[in-house]
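Note sheet for the following structure.
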Amino acid sequence: MKEIIIDGNRYDVDNNTDVTLDYKSPFFSDISKLKPNRSYTIKLPFTAINRKNIENSYLIDVVSLFPYQKKSCEYWKNGLPIIQRGNAYLLACTSSIEVAATWGNGTAIVNIGDKKMTEITGISEEYIEWDDSIEIGITEKGNIHYSKIDFGMGLDKRYTRPVVSVKYLFDKIFENAGLDYSINTEAKNLLDKLWIPLLSNNPDENTFNHNYCSCDVIVDDLWANGAVGLNNFIKTTNTIEFLYHQVDGGSYAVLKATEDIKVTIRFNAYMNVFTDNENCYLIFSDGREIAIAPEGHSYSFNGTFEMDKGTFVHIEQHSKNNYGNGKIYIENIETKEVPFGTVFPIDINLPDIKQIDFLKSIMQMMCLFAHPDTDNPNLINLYSIDTLYNNKVNARDWTNKLLSRVPEEQKFTFGSYSKQNWMRYKEDDTVSINADDYLTVDNEYLETSQDLFTLSFSATDEKNGMAFISLYEQEEDKINENSGISPRILVDNYVTGEGWKALFLPYLSFSGESGLRNSYYTKYQEIIRQPRVISVKCALSDYDLYTLDLTIPVYFRQYGAYFAIINLKTGDKASTVQLLKL
């Protein structure tokens, strides 16, 4: 007996309602390309109950969102839940009501979408001080700290950058998507050690808020040389400087930009004695001039301007016959870069890559594949190929389910591999180290070489016992920033007596005895070196489908071998199963 429940409503079925299911293995597909299990088109009878369930949306004059929304779905057969927590879609209405269902792989991952790393929520308030008080290798704040990394200028505080925990970002991405994950101990140990340095230098509200200051300005010749408040103000930020000068005919304040800035100036002054009814002026060194007309005994102004580095603005009041006091408030100072002496924001300076590509790169380093948990669809299990081998002890014996000893098809290729299948770090002209390696397929008919994947990160050189990233370069008396540096990933360890020190250690390279290839891709290499893929027909019961677990291999005594299920398509009398020999 078949039961189909969509959005909580039970649908009528008849003898012509065929439900063909297509299961796909989570292995050998990266997280960004996971394809969900799906049904072929299910044709439901055009009964009154079914028409009501779809809100009569088959009628031209009925307005309904039902055809355009995914609905929750269950499929039961002979009392067993074959599909749980699936999604159903209305495809068409003809002489029957045509629907399709998806479930399993990829259905939960879609919540991550195409969001960038800079869009991770929950870390917008994360920042770390960036001023003379920091100690490189010591200063830390939760999942952020300053590690010993040479960004091109040694360990000069003005040219260092913070690093962020990869596991912290990993956790946040899953949390934002409403998901959790499980990972094996070996992979978790590496994940805990990984950190990424922040290579961009973009300011945000944290930067601006911490730059907020105000200062007293005495609008009087006699006080011009004693502007103590201005001197105090200089100490609060390196973004701007205040100078207060006396000139013939009056006094003025000067706001000078030491960075490219966008600044809001709010100016209020009150004249105790006001004998000359003259304007105040904002006069910019680039030629802009704004007159501020008096209102009674007061001047008042509020405006926002962009100022280039090295330019300045005068706030002038020329008459010697007027004197009084006032204030200049400097608000919302926005710089194109984070100025040293303030705080360094985290989220806006994360690598300019998609969250899904970040996850994919980390998982590719450790040969991990995503698979939703059978009992909890919001739990994503990150499995390695070793899982298949370790589960041999739990293998399902399908010996008596095989309908013919002779496979319907047997192939000696698998996937789209070449003889050499390269695992690469992202190319960066500033990096000399080669950390790439390849997996081998023993088949002379294949193409010679191809890239299996390229990480979103580049490898990193070493200099003076620490990671070296040529973010800054000195040319005579000028220091230039290299904007073309690719994202990096490093191992960061706390060394007693030295503090945090980051390096691209040998086990981050794909090559080498202790590299990623030998540590995480051994079984993967065994499988694809001389692959054997067969397609067979099996008589599977409803209970077999109910208990189907694609992370557990199957065993056939006829072949004396264990196989991983790559694809399974059900049928009325037999299921077609594509198998990869382990």
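The values are calculated or read from the model by the stated rules, or taken from the named source; none is laboratory data. As the structure is a computational prediction, the values presented were derived from the model and not from experiment. Here the Cβ is made from the backbone with ideal geometry for all residues, glycine too, and neighbour counts use every protein chain on show. Just so you know, the surface numbers come from the protein's heavy atoms only, side chains and all, with ligands and any DNA or RNA stripped out. Shrake-Rupley method; radii C 1.70, N 1.55, O 1.52, S 1.80 Å.
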> If each of A395 and E175 carries a label point 7 Å out from its Cα toward its Cβ, how far apart are those two points in nm?
Replying inline: 4.2 nm
> For the chain, what is the mean residue ellipticity at 222 nm derived from helices alone (per DSSP H run of n ≥ 4: -39500 (n - 2.57); sum divided by total residues; nearest 500 deg cm²/dmol)?
Replying inline: -3500 deg cm²/dmol
> Put a dot 7 Å past each Cα toward the Cβ at W422 and T47; how far apart are the dots in nm?
Replying inline: 6.0 nm
>> Please give me the summed charge of the neighbours of G499: other residues whose Cβ is under 10 Å from its Cβ, Lys and Arg +1, Asp and Glu -1.
In response: -1
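Using just the Cα positions, wrap the stretch 2-103 in a convex hull and report its mean projected area in square nanometres, one decimal place.
Working: hull surface 29.0 nm².
Approximately 7.2 nm², given one-decimal rounding.
Leaving out ligands, DNA and RNA, and with a 1.4 Å probe, what % of the accessible surface on the chain is carbon or sulfur?
Details: 12280 of 27470 Å².
Looking at the chain in its full context, I get 45 percent from C and S.
Give, in nm to one decimal, the length gained when the segment between N56 and T94 is fully stretched (0.36 nm per residue of separation minus the Cα-Cα distance). Spell out each step's value before the answer.
Working: separation 38, 0.36 × 38 = 13.68 nm, distance 1.30 nm.
Full extension of this stretch gives 12.4 nm more.
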>> For the stretch 515-563 and the stretch 186-205, what is the centre-to-centre distance using only Cα atoms, to the nearest Å?
In response: 36 Å
> Listed highest first by mean packing, meaning other Cβ atoms within 10 Å per residue, what order do 159-170, 10-21 come in?
Replying inline: 159-170, 10-21
> What list of whole percents do you get for P(r) of the chain, with Cα-Cα distances grouped in 10 Å bins up to the one holding the largest distance?
Replying inline: 3, 14, 18, 17, 15, 12, 10, 7, 4, 2, 0, 0
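For an R0 of 51 angstrom, estimate the FRET efficiency from the Cβ-Cβ distance between N567 and M153 and round to the nearest 0.05.
On the way: r = 55 Å, r/R0 = 1.07.
The value I calculate is 0.40.
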> Which value does Rg/Rh take for the stretch 489-541 over its C-alpha atoms, Rh per Kirkwood?
Replying inline: 1.37
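If a/c stays under 1.5 just call it rounded; otherwise compare a/b with b/c (prolate if a/b is bigger, oblate if not). Do that for the stretch 485-582, with a ≥ b ≥ c from the square roots of the Cα gyration tensor eigenvalues.
Values: a/c = 3.68, a/b = 2.76, b/c = 1.33.
It comes out prolate by the Cα gyration axes.
Skip the ligands, DNA and RNA, and give the accessible area per residue of the stretch 50-137 with a 1.4 Å probe, whole Å².
Details: 4580 Å² over 88 residues.
Per residue, the stretch 50-137 has 52 Å² of solvent-accessible surface.
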> Between K309 and E129, what is the label-to-label distance in nm when each label sits 7 Å out along the Cα-to-Cβ direction?
Replying inline: 2.5 nm
>> List residues of the stretch 515-547, by number, whose backbone nitrogen lies under 14 Å from a label position 7 Å along Cα→C-beta of Q558.
In response: 534-540
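Subtract the Cα-Cα distance of L403 and E444 from 0.36 nm times their separation in residues, and report this length gain in nm to one decimal.
Working: separation 41, 0.36 × 41 = 14.76 nm, distance 3.36 nm.
Net length gain for the segment: 11.4 nm.
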